[in-house]
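A short worksheet on the structure shown next.
The values are calculated or read from the model by the stated rules, or taken from the named source; none is laboratory data. Predicted, not measured: the structure shown is a model, and the values here were computed from it. We place every Cβ from the backbone using ideal geometry, glycine too, and count neighbours over all the protein chains shown. For the accessible areas, the whole protein counts, side chains as well, though only heavy atoms, and no ligand, DNA or RNA atoms are used. Shrake-Rupley method; radii C 1.70, N 1.55, O 1.52, S 1.80 Å.
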Amino acid sequence: MAPTTARDRGAAALAELGPWQRALRAQFPIITDNPRLVYLDSAATAQKPQAVLAAVQHQLTTAHANAGRGSYPWANASTDLVAGVRERIKSFLGDPAPERSAVHFTGGTTEGLRLVARDWLPEVLADGDEIVVPFADHEANLAPWLEAQRLLARQGVRIGVRELPYQTSSGDYDPAALARLAGPRTRFVAATHVHHVYGGNMNVHLIRRAVGPDVPICLDAAQSVGHLPVSVAELDVDFLAFSGHKALALPGSGAVWARQARGPELVPGGWRGSPNTTGIASLAAALDWLEAAGTDRIARWTVALAARLSDGLRRLDAYEVLGCQRSLAADAPVQQRCGIVTFRHRGIGASDLGFILFSHGFMVRTDGHCQAGAGERTSSVRVSLHVYNTPEEIDRLLAVLTSLA
Ligand code: PMP
C-alpha cells in the first residue's frame, strides 16, 4: 500500500534510499573513523567526502601556482581552473544564460552578500528608494543591507529599509503581504532560501510575482546549495550567495553568482588579491560529488531524517520545537524542515543540554545561531543534517532526549 502520512512517506524514503546513502556515508573519512561520534552540525559546516580531499591533494601536488598572474604551465593551469569552476558553478545553479552572468569567488555567504551590498547596491539606490530585507534570518543577510543604508545616509541619500514579511514570525515569507508592501520605490529584495534555524524552505519562487519583473532579488543560499536542487532560473533571482564549506568543499571557499540583467553589473571594488585556488578546486570536486549523488535524493533523505526527529520530539511534552508549528503536524502540509530541527527543553538550558548530548557523542549547536534581531532571543539546540546522517543516529538521539523528558 502506498504510504499516506508524512511519517510513512519519510519512512518509505529512508528505506528506499538506504543502500544509496550507506555507499555515500562510507566516503566520509571523518565520519567512518569516529563511529562513536554523531555529527549533527552540518548547517554550521559540512564534512568532506574523500573525493574532495583527493581533489585538494591533487591540486596541491600536480599544478599548484597562483592564478591570473604567471604564464608558465602551472600558473596557466591555475588560471584555467578558476575560470572553469566559474562555469561549473553556473551549470550547477541551472543558470539559463551563463554568457551573461558572473561568478565572483568569496570566502563564504557573508562575504558574498557584503559584496552585493557594498559594490552593487549603492549604484542603484537614490534618495527615497526602499529595500526589503529579512529581519529574522541570519545576521549575514541583514547587517550588510543596514550598513549600506548607513553609508548612503552619510552621503545624504536616505533609503527606507522594510521588513520582508513572514507568514508568522517563524514561518515562510508572506508573498501577499510583500505584494502589498512593494511599491514604485522598491528597488531591491534580499531573501533566504532555507532558514538556518527553523529549516523551512522559504518559498522564494513566489517573491518574483509579488514584486514584479524589475526588482532585483538577492538570495542567501547558505543552507540550500548542497542540500537540495537549486535553480536560479526557477527561483528567478538576480544574485545568489553560498558557502563552499557548507556544501562539502573547503573552508574559505564560496561564491556569489550575479545574473547581470536587472541593473548594472556587479563589479567587486578594490584590489581583490590572490584567489583561493585550493578552495576553488575543492568546490569543483564538491559540486561534482553532489551532482553525482543527486541533490534531489539528498533533499529527500535529510527532509525525512528531520521529519523523524521532529515527529519524535512532538510526542515529548518536555520539548518545544521552534519554527512553523503547522509543519509539525503528522501530515504537515507546509514547510518541510530541510534537514534542520531546532528545539528547547522546557527545564534544561540549551548549553547544558548540548553538554549532556555530547557526553553521548552527539555534536549539536547550542546558542542563538547568529539569528538577526527579530528572531528568537534565547538559546536553543539545533540539529542539522547531511547525507552522512542516518535514521539510527536520529533514533539514538531521540532515545537520549526521551530519557531526559
Ligand atoms: N546565511 C545563512 C542562512 C547561514 O546559515 C550562514 C552560516 N550559518 C551564513 C549566512 C553565513 O555563512 P558563512 O559563515 O559561511 O559566511
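Key figures for this structure:
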read-out	value
Selected residue (only one of 103, 161, 116 is within 16 Å of the ligand (Cβ to nearest atom), out of contact with any Gly (no Cβ under 9 Å at 6 or more places or on another chain) and touching a residue at least 24 places away in the same chain (Cβ under 8 Å))	116
Count of region 354-405 residues which are over 14 Å from residue 40 (Cα atoms) and basic (Lys, Arg)	1
Single match in 51, 83, 26, 13 (criterion: more than 30 Å from residue 382 (Cβ to Cβ) and over 21 Å from the mean Cα position of the chain (by Cα))	83
Qualifying positions in region 27-72 - over 27 Å from residue 277 (Cα atoms) and away from the ligand (no atom under 16 Å from the Cβ)	32, 33, 34, 35, 36, 37, 38
Test result for residue 182, free of Cβ contacts under 8 Å to residues at least 60 places away in the same chain and more than 16 Å from the ligand (Cβ to nearest atom)	yes
Among (1) polar (S, T, N, Q); (2) within 16 Å of the ligand (Cβ to nearest atom); (3) part of a loop (DSSP other than H, G, I, E, B), the one test that residue 260 misses	(2)
Residues of region 336-392 satisfying the condition of being at pLDDT 95 or above, open to solvent by less than 20 Å² (accessible area, probe 1.4 Å), among the aliphatic types (A, V, I, L, M) and in a loop (DSSP other than H, G, I, E, B)	385, 387
Subset tally (residues that are crowded, with 23+ Cβ neighbours inside 10 Å and farther than 23 Å from residue 296 by Cβ) for region 109-131	8
Residue that is within 30 Å of residue 250 (Cβ to Cβ) and of a type in the set (Asp, Glu), where the choices are 123, 130, 163, 111	111
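For (1) within 30 Å of residue 187 (Cβ to Cβ); (2) part of a loop (DSSP other than H, G, I, E, B); (3) assigned by TED's automatic domain parsing to the domain that holds residue 171; (4) small (Gly, Ala, Ser), each residue gets a yes or a no:
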{"site": "209", "(1), (2), (3), (4)": "yes, no, yes, no"}
{"site": "214", "(1), (2), (3), (4)": "yes, yes, yes, no"}
{"site": "237", "(1), (2), (3), (4)": "yes, yes, yes, no"}
{"site": "251", "(1), (2), (3), (4)": "no, yes, yes, no"}
{"site": "273", "(1), (2), (3), (4)": "no, yes, yes, yes"}
{"site": "287", "(1), (2), (3), (4)": "no, no, yes, no"}
{"site": "311", "(1), (2), (3), (4)": "no, no, no, no"}
